1. Within region 1-28, can you find the residues that are under 20 Å from Pro39 (Cα atoms), open to solvent by 100 Å² or more (accessible area, probe 1.4 Å), more than 12 Å from the chain's Cα centre (by Cα) and not charged (D, E, K, R)?
2. Pairs please, first residue from region 41-69 and at pLDDT below 90 and open to solvent by 80 Å² or more (accessible area, probe 1.4 Å), second anywhere and aromatic (Phe, Trp, Tyr) and part of a helix (DSSP H, G or I), Cβ atoms under 9 Å, 6+ apart in sequence or on different chains.
3. Got a number for residues in region 37-69 being more than 24 Å from Ser14 (Cα to Cα) and assigned to a loop (DSSP other than H, G, I, E, B)?
Amino acid sequence: MNWNATRLLVYAASFAASALALAGLADFDAATGNFDLAPFNLYAAVGAIGGIVSSALAALALWRGWGRK
């Protein structure tokens, strides 16, 4: 088993959980270790993520000059 990949996965999951808790979308109880995700609108989340990804790709294309000949 690749322990570095496992450690990276645990760190990434912990960072995502703490970011959700910081944004107010989740609750974490340190005494019991419970992580509760608050309900959210999946359609709105997918729409927002699509806009963010498309804007990031457009910025990357502009930076790299992919539209030029």
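The values are calculated or read from the model by the stated rules, or taken from the named source; none is laboratory data. Computed from a prediction, not measured in an experiment: that's the story for all the values here. Glycine gets a Cβ as well: all are built from the backbone with ideal geometry, and neighbour counts include every protein chain shown. Keep in mind that these areas ignore ligands, DNA and RNA; they rest on the heavy atoms of the full protein, side chains included. Shrake-Rupley method; radii C 1.70, N 1.55, O 1.52, S 1.80 Å.
1. Here is the first cut: in region 1-28, the residues under 20 Å from Pro39 (Cα atoms) are 13-28.
From the residues that got through so far, the ones that are open to solvent by 100 Å² or more (accessible area, probe 1.4 Å) too are 15, 22, 27-28.
With the extra rule that they be more than 12 Å from the chain's Cα centre (by Cα), the set shrinks to 22, 27-28.
Leu22, Phe28, listed by residue number.
2. none
3. Qualifying residue count for the region: 5.
For every residue, the table says whether it meets (1) in a helix (DSSP H, G or I); (2) at pLDDT below 90.
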residue	(1), (2)
Leu8	yes, no
Ala12	yes, no
Ala21	yes, yes
Phe35	no, yes
